[in-house]
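Below is a structure I'd like to ask you about.
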Amino acid sequence: MRLCRFAVIAIALTLFVVVRPASAESIGVGHDLFMTVPGQTNLIVDAGPFGGTGFVEFPLEGIPFGPGNTDTIVERLDGHDFATQGNTATIQIELVALSLQSVAPVNIGGNLWDVHITGSPSTTPGTLIVNKTSSGGGDFQVDLLPIVVDITFNQLNSPTEITQTDEFIFDGAGVWSFNPGPANQNNANHPSGGLYIGVDPLTGEKAVTILTGAGASGTATHAFVPSMPTPAAAGLGLPLLGLLGVTRPRRQRAA
């Protein structure tokens, strides 16, 4: 009986060691998958090329390309071991893909215009400064992330099209977690590396990150959260659905 009791105790201790989660102390290279938040994302440009005066604002939304409702992908090119390298990591990052469109046509000088934006990496990577402030994660700053954008303006009911290629420089800040938020979309093709931008380390919920940028074409604000399955915000509750809105299919320009 005593031998049996000792055996049970030994098994229990072994199971405790196996299933007890290890402390999170390192992050690897990986991808951050985001979906754009309409209502907080816009492009402001000179209205002159479109027959207007002053500046005009185009509210923007994402065009998802997957996985899930992902419309923006950023790659982290470096890892960091907080245990041996300190609680602040400086990581090179670059945009992998970006796809946005205007929420609705904008009236400029009596004509309606749509805009579509795609993004690609610059020749110079950006910098992500990651601060570990708790056992669950911390905060971060994006320091000068350059993005090459192709901006196409389409006049509705007309073949008129204006295309601009520009480099925008973005910066901003937010929170991150060692643990994924609800309905995380990282997969084998887009590994997380153990770092989840836009997840609150205290609550585990998704948090909005806002980056602001400028280029020769104008200024931009990009608000986003970690991407979710399609349909948007499935199973995550009505308040978040109201925040994120519903992404429409890309509009077709009139011939």
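The values are calculated or read from the model by the stated rules, or taken from the named source; none is laboratory data. Since this is a predicted model, take the numbers as computed values, not measurements. Ideal geometry is used to build each Cβ from the backbone, glycine not excepted, and the neighbour counts take in all protein chains shown.
Got a number for residues in segment 47-61 being more than 11 Å from Leu100 (Cβ to Cβ) and either modelled with pLDDT of 95 or more or part of a loop (DSSP other than H, G, I, E, B) (or both)?
The initial filter retains those residues of segment 47-61 that are more than 11 Å from Leu100 (Cβ to Cβ), namely 47-57.
Restricting the remaining residues to those that are either modelled with pLDDT of 95 or more or part of a loop (DSSP other than H, G, I, E, B) (or both) gives 47, 51-57.
Residues flagged as more than 11 Å from Leu100 (Cβ to Cβ) and either modelled with pLDDT of 95 or more or part of a loop (DSSP other than H, G, I, E, B) (or both) within segment 47-61 amount to 8.
Whether any residue in segment 77-85 is surrounded by fewer than 20 Cβ atoms within 10 Å (Cβ to Cβ), under 17 Å from the mean Cα position of the chain (by Cα) and either within 19 Å of Ser122 (Cα to Cα) or without any contact (Cβ under 8 Å) to a residue 40 or more places away in the chain (or both) is what I want to check. Write out each step before concluding.
At the first step, the residues of segment 77-85 found to be surrounded by fewer than 20 Cβ atoms within 10 Å (Cβ to Cβ) are 77-79, 81-85.
Retained after the next criterion (residues that are under 17 Å from the mean Cα position of the chain (by Cα)): 77.
Right, trim to either within 19 Å of Ser122 (Cα to Cα) or without any contact (Cβ under 8 Å) to a residue 40 or more places away in the chain (or both) and you get 77.
For segment 77-85, residues surrounded by fewer than 20 Cβ atoms within 10 Å (Cβ to Cβ), under 17 Å from the mean Cα position of the chain (by Cα) and either within 19 Å of Ser122 (Cα to Cα) or without any contact (Cβ under 8 Å) to a residue 40 or more places away in the chain (or both): present.
Scanning for something at pLDDT below 95, touching a strand residue (DSSP E or B) at 6+ places or on another chain (Cβ under 8 Å) and over 17 Å from Tyr196 (Cβ atoms), does segment 62-84 turn up at least one residue? Let's see the steps before the verdict.
Within segment 62-84, the first condition is being at pLDDT below 95, and the residues that meet it are 83-84.
Of the ones still in play, those that are also touching a strand residue (DSSP E or B) at 6+ places or on another chain (Cβ under 8 Å) are 83.
Of the ones still in play, those that are also over 17 Å from Tyr196 (Cβ atoms) are 83.
For segment 62-84, residues at pLDDT below 95, touching a strand residue (DSSP E or B) at 6+ places or on another chain (Cβ under 8 Å) and over 17 Å from Tyr196 (Cβ atoms): present.
Going by the conditions given, is Gly174 crowded, with 17+ Cβ neighbours inside 10 Å, under 22 Å from Ile91 (Cα atoms) and touching a residue at least 40 places away in the same chain (Cβ under 8 Å)? Talk me through it step by step, then tell me what you get.
On the way: crowded, with 17+ Cβ neighbours inside 10 Å: yes; under 22 Å from Ile91 (Cα atoms): yes; touching a residue at least 40 places away in the same chain (Cβ under 8 Å): no.
No; evaluated as a whole, the condition is false for this residue.
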